[in-house]
Structure formats: C-alpha cells, structure tokens
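The values are calculated or read from the model by the stated rules, or taken from the named source; none is laboratory data. Keep in mind that what you see is a predicted model, and the values were worked out from it rather than measured. Here the Cβ positions follow ideal geometry from the backbone for every residue, glycine too, while neighbour counts run over all protein chains shown. Please note that ligands, DNA and RNA were not included when accessible areas were found on the heavy atoms of the full protein model with its side chains. Shrake-Rupley method; radii C 1.70, N 1.55, O 1.52, S 1.80 Å.
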Amino acid sequence: MSVISMSKLIIFPTDTVYGIGCPIFDIQNIHKIYDIKHRSLEKPLACLCYDLAQIEEIAEVDERVKRMIMSFMPGALTLILKAKPIVTAKIGYKTIGVRIPDSHLALELLKENGPMLTTSVNESGEAPLSSYEEIVQVYGNLVDQIYPAEEKFSNISSTVIDCTEDSLRLLREGTISLKQINELWNV
C-alpha cells in the first residue's frame, strides 16, 4: 500500500488500536481531530514517532528516558516528556506524550511524514473502534485516507507514564506494567 505525504488527516492501525493523526505541526488538521472526536482542547494528543531521533526533535530526552525508549520501543509505552521550545511555540504543548509503535505500516507512515499527533479512533470518552469497515462507515468522509490493518494489533491502549518529574507517575496501565518500568527507571 502506498503511503501518502504531509498535510493529510489519516486513520491507520498501530500495534495497539487504530489512530487518527496528522503531522505534528499541521494546525488545521489538529483542530479537525478535536472536532471529529468532540474532544476537549484540554486533552493533548500523543505524538507517534519513527525512532529516537524523531523523539529528540520534539522532546527533552535524558539518559533514563533513553533507556526506557531503547528497552520498550517500538511498543505499547507512551512517555510524557517536557516538550522542546519549537513544540510549545507552534502547538502550545509544554509536555508531550511520545511513542514508537510496533507496526510496520505506522512506522512507514512516520518515516515518510515525520512525527504525527494521534489519538484513538472513537468518539471522545468511548471505546476505540477496531473494525476497519466500521471506521470507514463512520469516518470515511471526514479524513483523507484510511489504511486497513495488515498486522494484528492488541486493542489494548498503551501504558502511559509521566516522566516530567524525578519520580515516575503512572497515568494508564496497559500491557507494560509499572513494575517493569520502575525496574528500568531506578537502575
């Protein structure tokens, strides 16, 4: 399947759930995501990245965070980090959730388009949709492209850890446990 480039609003499968996303600084499509999902502007979007280099372009990464990234990513872990000044200036985020998905298609899209702000495909507050056919029916006329799943995904949202302070704070537990993370954080 061909990958589309820049300034597009797309829905694509990750290793956890389907995501709706756009390039990180595409303000028009960021607003569309919030409108489509009826999501509060108070809830920031996460950023999927292709690799550590993309994460370092948008977020502050120290040695402990780098250890977490190298150990659990690609995978179902989202780390909340302090945003780089360019992110704060362009989209207003002082912190940003970053993740490298373990999905060939998602990684291909991220390699081509750079970091992408994403969230699960659903009405805000509802369970994520996992059926390609249902997603096409509900969102087909609202986005530029919808990619079918080529690989299985877990249907379990990622573990989310706030790393902006000296101690970690669990925001959501998924397949990666807080115990696994703490063991690595406290090395």
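Directionally averaged projected area (the range 124-187, Cα convex hull): 6.6 nm².
Put a dot 7 Å past the Cα of residue 108, heading toward its Cβ, do the same for residue 154, and the two dots end up 2.3 nm apart. Per the Kirkwood formula applied to alpha carbons, the chain shows a radius of gyration over Rh ratio, Rg over Rh, of 0.94. The residues of the range 107-151 expose on average 51 square angstrom of accessible surface per residue, using a 1.4 Å probe on protein heavy atoms.
Which FRET efficiency, nearest 0.05, do residue 123 and residue 62 yield, Cβ-Cβ r, R0 45 Å? Working shown, then result.
Numbers: r = 37 Å, r/R0 = 0.82.
FRET efficiency, residue 123 to residue 62: 0.75.
List residues of the range 86-117, by number, whose backbone nitrogen lies under 20 Å from a label position 7 Å along Cα→C-beta of residue 28. Of the residues in the range 86-117, 90-92, 113-117 have backbone N under 20 Å from the label point off residue 28.
Among DSSP beta bridges lying fully in the chain, give the percent that are antiparallel, nearest 5. Write out the running numbers ahead of the final one.
Working: 20 of 28 bridges.
Around 70 percent antiparallel, to the nearest 5.
Okay, which of the range 17-50 sit inside 20 Å, backbone N to the point 7 Å along the Cα-Cβ direction of residue 141? The answer is 32-38, whose backbone nitrogens lie closer than 20 Å to the label point.
Fully extending the segment from residue 131 to residue 94 would add 9.9 nm, taking 0.36 nm per residue of separation and subtracting the current Cα-Cα distance. Taking the charge dipole of the range 135-187 about its Cα centre, with +1 at Lys and Arg Cβ atoms and -1 at Asp and Glu Cβ atoms, the residue from 142, 161, 175 reaching farthest to the positive side is 175. Less than 5 angstrom separates the built amide H of residue 18 from those of 121, all sequence-distant by 5 or more or on a different chain. All Cα-Cα separations within the range 71-172 were binned at 10 Å from zero, giving a P(r) of 12, 38, 38, 12, 1, each value a whole percent of the pairs.
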